[in-house]
Amino acid sequence: RSVEVGLNVHKAFLLLLQTQFAEAIESGHELSRELVTRIAAAKVEAVEFAIKSLALLRRDVGSFSLMASSPFGSNNDVLLCCRFAEGDSRVLQQMLTRDLVRAHSKTPALLRLVWRVLRAWLSGARHSTAKLRYLRDQQLLKLLWVLKQHVRESLRKGISKAQAETDAWLQAGDLVYDVAKTHAQQLIHSTVEEHCGRSSDTDRFLDMSLSDCEARHVY
């Protein structure tokens, strides 16, 4: 059931992006940053969904998945190549997180982020359909704090600002990718629900996304 739900939501998201991409190309305009972000999220998450779904199906069919004549053989290893083709998934995830960090680098934007997290916590968004956005904002706030603290410590040691920011990004480690994962899942869910309406599939996809994003790492 989870594979079917994920397939329906990802297909709806990809079809929406195809339409928006075609409209942008036909109009002769440059792609908006929002569309580029959604395309990056689609590339990363659709490939990951395909890889995970194949693993689930192989588990369910048992020894049949090991047979050369089955559709689960080594030919499916090409899906792993998709992680690195037409945009490395890890690089795209860093791009997604980088854009979020830059968008909240100024004090007014940072204060708005803090207020969103606080308001969501007070309003009970942690237990509603807004929880995925709340989780994304919470992780982003944590990342911004980690980056700021590391840069401050490096500057005290006489390290240049550029080097300090690079070192801070590397030291943030998996938190960078966790923010990207949650951001991408939130984009997929909100976009599909906005254009196609709320359904049992979008509700189930939300639950799956929350479970996946919350279980990635503990800080």
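A compact table of results
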quantity: Within a Gaussian network of the chain (alpha carbon springs, distance under 10 Å), most fluctuating of H195, H104, H29; calculated: H29
quantity: K181, K131, K161, reordered so the largest accessible area comes first (probe 1.4 Å); calculated: K161, K131, K181
quantity: Estimated 222 nm signal from helices in the chain, with DSSP H stretches of n ≥ 4 weighted -39500 (n - 2.57), rounded to 500; calculated: -26000 deg cm²/dmol
quantity: For the chain: accessible area per residue (Å², 1.4 Å); calculated: 59 Å²
quantity: Order of exposure, largest accessible area first, which applies to W169, W145 with probe 1.4 Å; calculated: W145, W169
quantity: Additional length obtainable on full extension of the chain from L111 to K11, 0.36 nm per residue less Cα span; calculated: 32.4 nm
quantity: Whole-number percent relative contact order across segment 104-219, with pairs defined as alpha carbons under 8 Å at least 6 apart; calculated: 25 percent
quantity: R0 of 35 Å, Cβ-Cβ distance S123-A24: FRET efficiency to nearest 0.05; calculated: 0.45
quantity: Inter-label distance for A162 and A55, nm, one decimal - labels placed 7 Å from Cα along Cα-to-Cβ; calculated: 3.9 nm
quantity: Relative intensity, log₁₀ I(q)/I(0), of the chain from a Debye sum that treats every alpha carbon as a point, q = 0.10, 0.11, 0.16, 0.17 Å⁻¹; calculated: -0.53, -0.64, -1.20, -1.30
quantity: The chain: most fluctuating residue of T97, T107, T202 per GNM, C-alpha cutoff 10 Å; calculated: T107
quantity: Most mobile listed residue (Q20, Q138, Q94) in the chain, GNM with C-alpha springs under 10 Å; calculated: Q20
quantity: For the chain: relative contact order, % (alpha-carbon pairs under 8 angstrom, 6 or more apart); calculated: 28 percent
quantity: Extension reserve of the H195-A215 stretch, reckoned as 0.36 nm per residue once the Cα distance is removed; calculated: 4.4 nm
quantity: Listed pairs K106/K148; K106/K131; K11/K131; K106/K142; K43/K181; K11/K181 exceeding 20 Å between Cα atoms; calculated: K106/K131; K11/K131
quantity: Nitroxide proxy distance, nm - points 7 Å out along Cα→Cβ at L66 and W145; calculated: 4.8 nm
quantity: Cα-based convex hull volume of segment 39-85 per residue, rounded to whole Å³; calculated: 58 Å³
quantity: With every protein chain in place, the chain: carbon and sulfur % of accessible area (1.4 Å); calculated: 57 percent
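The values are calculated or read from the model by the stated rules, or taken from the named source; none is laboratory data. Quick caveat, the model's predicted, so the values are computed rather than measured. All Cβ positions, even for glycine, are placed from backbone atoms using ideal geometry, and neighbour counts span all protein chains on display. SASA here: full protein model, heavy atoms, side chains in, ligands and nucleic acids out. Shrake-Rupley method; radii C 1.70, N 1.55, O 1.52, S 1.80 Å.
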